[in-house]
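Peer 1: This is the structure I want to talk about, given as structure tokens.
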Amino acid sequence: MENRFFNRELSWLEFNARVLHQGLNKSLPLMERLQFLSIVTSNFDEFFQVRVASLKRQFFENPDQADVSGLTPQMVLTSISARAHQIIRSQQECLMSDILPSLSEKGLVYVAPESYTHQQSEYLHSVFDTDIYPLLTPLRTDTEAFPNIKNLSVYVAFLLKPIAGIKYSSEELKGADDIPRIAFVEIPGGLSNVYWLPYERGVTSARPFALLQDIITLYGTNLFPGFEVEESLLFKVARDADFAVDEDSGNFINAMENVLIQRQSSFPVQMTCNGTSDRIRKFLMEKLDLFADDVYFVERIINPGDLLELRDTEAGAALSFERWEHFYPADLPEEEPYWDTLKLHDKILHVPYESYDPVVKFLNDAADDENVLAIKMTLYRTGRASPIIAALERAAHNGKQVVVLVELKARFDEERNIAWANELEKAGVTVIYGLVNLKVHAKILMVIRRESDTIRRYVHLATGNYNTKTAKLYSDISLFTANPQIANDATMFFNLVTGYSTLQKMNCLAMAPVTLKSNLLSMIQREIERSRPEQPGLIIAKMNSLTHEEVIAALYRASQAGVRVLLNIRGICMLVPGVSGLSENIRVLSIVDRYLEHSRIFYFQNGGTPELYCSSADWMSRNLDRRIELMFPILDRAAFEEVKSILDIYFRDNVSAMELQQNGAWLPVERGKKEDVFDAQEELYRIYKKRDEARPQNIEKQFEVRRK
């Protein structure tokens with residue numbers, strides 16, 4: 001029998017290959033292609049720190065234990081290395097042979113060190129001496145304690161040789177002939193990665209530039225008086241970041257801060273370097289206990305994202321996507337609070353096509369409204385300079401009860417969340433630091449307001465974080481509602497996560513790890529039971545990843561019972577579609593496009609009485625079994641039609657969509673000869689733009705009013 005599950009890690013690699021596919025797509029603007037290439041690198045950085053580090057530990061602890069796909073840790077590591085090397089080679093070939101030459105044709109000319117003119121070299125040497133040199137710290141490696149190489153920092157390594165005729169006052173400085181004199185220099189953060197070079201005489205149409213990494217490599221000799229540089233190597237090391245905080249510690253914040261410190265010196269997992277020095281590379285591999293499979297080569301540029309500074313130029317901006325607006329929702333008042341509107345009907349917000357301003361306004365209005373008594377919410381990732389934080393602090397200052405559950409265990413955002421938590425507490429906010437052994441990943445906000453007839457609760461539920469920056473880049477759905485049943489469930493939720501409470505029966509919301517998975521499995525089973533040959537059942541689901549074995553097994557049973565299953569999964573998918581007798585009724589698509597697809601939407605036909613849900617949770621073991629998550633129904637009729645329409649649009653895409661084959665390959669969706677080109681994200685933007693154009697305009701916006 002064929003394997004019923006794809007391997008999780010290898011499936012993720014194919015997701016990163018789909019990101020690369022966009023970088024290779026010559027129909028996209030150059031800066032957008034460069035953006036996708038940089039995402040490939042940042043994705044790999046996290047993948048090696050977390051997933052590969054975990055696999056390496058599994059290999060040492062239990063090397064013979066196969067996973068659900070039938071692969072042992074060593075088999076997976078070998079496959080990862082082969083595929084990841086292939087993806088990075090393609091990325092580098094695209095960057096060096098396509099992107100950089102094409103940028104040069106458009107006037108943004110990367111100049112390699114060997115091509116600097118005399119004038120450019122003198123200019124850069126001066127820049128190095130005045131702006132860069134004072135920040136550099138050379139670290140020698142022939143001491144008893146090998147210098148710590150920080151996680152994901154880029155370094156230049158120099159192999160040194162004494163200049164003939166120089167006398168040394170110390171044998172230690174002179175060094176032994178059999179010990180290589182290798183020194184590291186960390187490329188400092190806070191500096192520009194791009195340095196504009198003087199124009200060539202008579203040539204003003206092009207803007208030549210150099211890179212910080214090249215400048216330090218070329219002029220690093222200045223750091224070692226009395227030595228000459230024989231060889232140099234650019235490199236970056238990814239270290240293990242897959243270890244948990246000690247949740248039984250008496251001081252949870254201190255324990256979390258210790259985790260952040262450990263991350264900088266944990267065991268090395270992978271190294272990225274250029275190929276300019278085999279001697280230095282082998283030296284590093286020996287010192288870091290890395291094997292050949294752990295080393296990945298780039299031709300010149302360690303982090304392609306360094307080049308994204310070019311976007312700030314006029315030429316760079318012209319090589320980007322045409323700017324899309326984020327429209328203010330046509331059916332929400334811009335000046336008045338939303339209380340009266342939400343008493344009449346629910347409101348769906350679809351970012352980034354619609355602006356995130358309504359969420360910020362909702363909180364700001366609550367903070368300033370004298371009738372608002374309390375605000376309760378969860379925070380997972382909030383971003384820098386957050387207006388959400390500012391509104392919460394102002395609400396507390398205005399005497400309202402403000403309770404915020406800050407999840408400190410949000411990976412790679414821990415330090416920022418600790419800072420937010422401290423700041424909120426100083427402002428008078430009651431801060432809850434998550435739950436022991438469970439990440440709180442739910443996205444919920446509740447405002448409690450005194451009104452003439454009663455105490456009324458307004459709730460906001462979302463598939464994405466309360467982060468104003470990512471709300472311009474990630475596609476997410478959220479719901480504003482004053483529905484009393486949802487409000488009652490929201491109250492029970494906050495009582496559960498902030499105090500001592502057993503879970504009471506919720507009428508609308510499903511919460512992981514208690515009821516969400518069982519509800520999903522029940523709805524899949526219900527679809528099986530209500531499916532008929534003349535009216536087959538239908539499940540449509542959009543999410544980031546699908547890995548939960550129980551859910552996948554239930555979807556297989558649904559397929560075998562004749563239920564049509566349409567899945568739109570951006571990232572990992574362990575389900576094998578299209579297998580006769582197992583999954584022939586399951587189709588899996590994926591869209592990687594301008595915006596990061598992040599919304600989770602689930603539709604069940606239910607024998608003609610359809611139900612529609614949104615959720616903070618993917619169908620993954622971590623989400624359904626080890627996190628606090630929420631799934632919420634779309635009950636308002638107009639809201640239901642809007643979300644269902646959004647979901648349907650994603651399955652019509654024939655531009656960016658790729659389809660998963662039963663052999664694990666992803667192929668572009670075939671477009672029929674008569675079929676029109678249909679890009680889901682462009683269609684959604686067109687819909688919201690048309691809606692915005694149809695909204696009544698303020699008179700002063702339509703006509704210029706002359707005043708005395």
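Peer 1: In whole Å, what is the distance between the alpha-carbon centres of the stretch 303-331 and the stretch 357-376?
Peer 2: For the stretch 303-331 versus the stretch 357-376, the Cα centre distance is 31 Å.
Peer 1: Going by the alpha-carbon gyration tensor, a ≥ b ≥ c the square roots of its eigenvalues, is the stretch 505-654 rounded (a/c under 1.5) or, if a/c is not under 1.5, prolate (a/b greater than b/c) versus oblate?
Peer 2: Taking the square roots of the gyration eigenvalues as a ≥ b ≥ c, the stretch 505-654 is rounded.
Peer 1: I need the calculated FRET efficiency for the pair L191 and E425, taking r as the beta carbon distance and R₀ as 30 Å, to the nearest 0.05.
Peer 2: The calculated FRET efficiency here is 0.30.
Peer 1: With every protein chain left in place, what is the accessible area of K400 in Å² (1.4 Å probe, nearest 10)?
Peer 2: 20
Peer 1: Still on this model: How many nm is it between the label spots at T498 and S452, if each spot is 7 Å from the Cα in line with the beta carbon?
Peer 2: 2.9
Peer 1: Under the 0.36 nm per residue contour assumption, what length would be gained going from the current alpha-carbon distance of A82 and A638 to full extension?
Peer 2: Roughly 195.2 nm would be gained on extension.
Peer 1: Still on this model: Where does helix 484-498 land angle-wise versus the long Cα axis of the chain, in degrees 0 to 90, nearest 10?
Peer 2: 40
Peer 1: Leaving ligands, DNA and RNA out of it, work out the accessible area of L308 with a 1.4 Å probe and give it in Å² to the nearest 10.
Peer 2: Accessible area, nearest 10 Å²: 40 Å².
Peer 1: How high is the relative contact order of the stretch 608-653, given as a whole-number percent (alpha carbon pairs under 8 Å, six or more residues apart)?
Peer 2: 36 percent.
Peer 1: Further, regarding this structure: Per q in 0.10, 0.12, 0.14 Å⁻¹, report the Debye log10 I(q)/I(0) for the stretch 24-127, using one uniform scatterer on each alpha carbon and no solvent.
Peer 2: Log10 of I(q)/I(0), two decimals: -0.49, -0.63, -0.75.
Peer 1: Rounded, prolate or oblate for the stretch 322-430? Axes are the square roots of the Cα gyration tensor eigenvalues, ordered a ≥ b ≥ c, and the cut-off for rounded is a/c under 1.5.
Peer 2: Cα axes put the stretch 322-430 in the oblate bin.
Peer 1: If R0 is 30 Å, what FRET efficiency do you get for K343 and E529 from their C-beta distance, rounded to 0.05?
Peer 2: 0.20
Peer 1: Mind checking the stretch 72-128 for GluC sites (Glu not before Pro) that DSSP puts in a loop (not H, G, I, E or B) and that have at most 14 other Cβ atoms within 10 Å?
Peer 2: Listed in order of number, the matching sites amount to none.
Peer 1: Loop-only GluC sites (Glu not before Pro) in the stretch 326-366, please: DSSP not H, G, I, E or B, and at most 13 other Cβ atoms within 10 Å.
Peer 2: E334, E335
Peer 1: Can you give me the angle between helix 73-94 and the longest principal axis of the chain, using Cα atoms only, in degrees from 0 to 90, rounded to the nearest 10?
Peer 2: 70
Peer 1: Top to bottom by accessible area (1.4 Å), largest first, where do D489, D368, D129 land?
Peer 2: These residues rank, largest area first, as D368, D129, D489.
Peer 1: Still on this structure, I have one more. Of the listed values (i) 40.0; (ii) 37.7; (iii) 34.4, grab the one calculated as mean projected area of the Cα convex hull in nm² from the structure here.
Peer 2: Given (i) 40.0; (ii) 37.7; (iii) 34.4, the calculated one carries the label (i).
Peer 1: Please say if the stretch 180-235 is rounded, prolate or oblate, where rounded means a/c under 1.5 for a ≥ b ≥ c the square roots of the C-alpha gyration tensor eigenvalues, and otherwise the choice is prolate for a/b larger than b/c and oblate otherwise?
Peer 2: Verdict is prolate for the stretch 180-235.
Peer 1: Say each of H397 and A145 gets a label point 7 Å from the Cα, pointing the same way as Cα to Cβ; how far apart are those two points in nm?
Peer 2: In this crude label model, H397 to A145 measures out at 4.4 nm.
Peer 1: Explain nothing, just the number: relative contact order of the stretch 295-399, from Cα pairs under 8 Å at least 6 residues apart, as a whole percent.
Peer 2: Answer for the stretch 295-399 is 22 percent.
Peer 1: Just want to confirm a number: the relative contact order over the chain, from Cα pairs under 8 angstrom separated by 6+ residues, in percent.
Peer 2: 11 percent.
Peer 1: Say a paramagnetic label sat at a point 7 Å from the Cα of K26, along Cα to Cβ; which residues of the stretch 68-104 have their backbone N under 20 Å from it?
Peer 2: Answer for the stretch 68-104: 89-104.
Peer 1: So for the pair K505, F291, with labels modelled 7 Å out along Cα→Cβ, what separation do we get in nm?
Peer 2: Each label point is offset 7 Å from its Cα along the Cβ direction, giving 5.6 nm.
Peer 1: Distance cut-off 29 Å, Cα to Cα: go down the list K376/K472; K287/K439; K472/K644; K443/K644; K106/K542 and report the pairs above it.
Peer 2: K287/K439; K106/K542
Peer 1: Where does helix 387-397 land angle-wise versus the long Cα axis of the chain, in degrees 0 to 90, nearest 10?
Peer 2: 60
Peer 1: Pull out the extension gain between L135 and T276, defined as 0.36 nm times the separation in residues minus the alpha carbon to alpha carbon distance; nm, one decimal.
Peer 2: Fully extending the segment from L135 to T276 adds 48.3 nm.
Peer 1: Something else about it: Once the Cβ-Cβ distance between R89 and L667 is put in as r, and R0 is 30 Å, what FRET efficiency do you end up with, to the nearest 0.05?
Peer 2: Efficiency for this residue pair is about 0.90.
Peer 1: Trypsin sites (Lys or Arg not before Pro) within the stretch 199-240: which are DSSP loop residues with at most 15 other Cβ atoms inside 10 Å?
Peer 2: For trypsin sites (Lys or Arg not before Pro) across the stretch 199-240 that sit outside H, G, I, E and B with at most 15 neighbouring Cβ atoms in 10 Å, the list reads R201.
Peer 1: Note the full-extension length gain between A385 and R311 as 0.36 nm times their separation in residues minus their Cα-Cα distance, in nm to one decimal.
Peer 2: Full extension of this stretch gives 24.4 nm more.
The values are calculated or read from the model by the stated rules, or taken from the named source; none is laboratory data. Note that this is a predicted model, so its numbers are computed, not measured. Cβ atoms come from the backbone with ideal geometry, glycine included; neighbour counts cover every protein chain shown. The accessibility values were calculated without ligands, DNA or RNA, using every heavy atom of the protein model including side chains. Shrake-Rupley method; radii C 1.70, N 1.55, O 1.52, S 1.80 Å.
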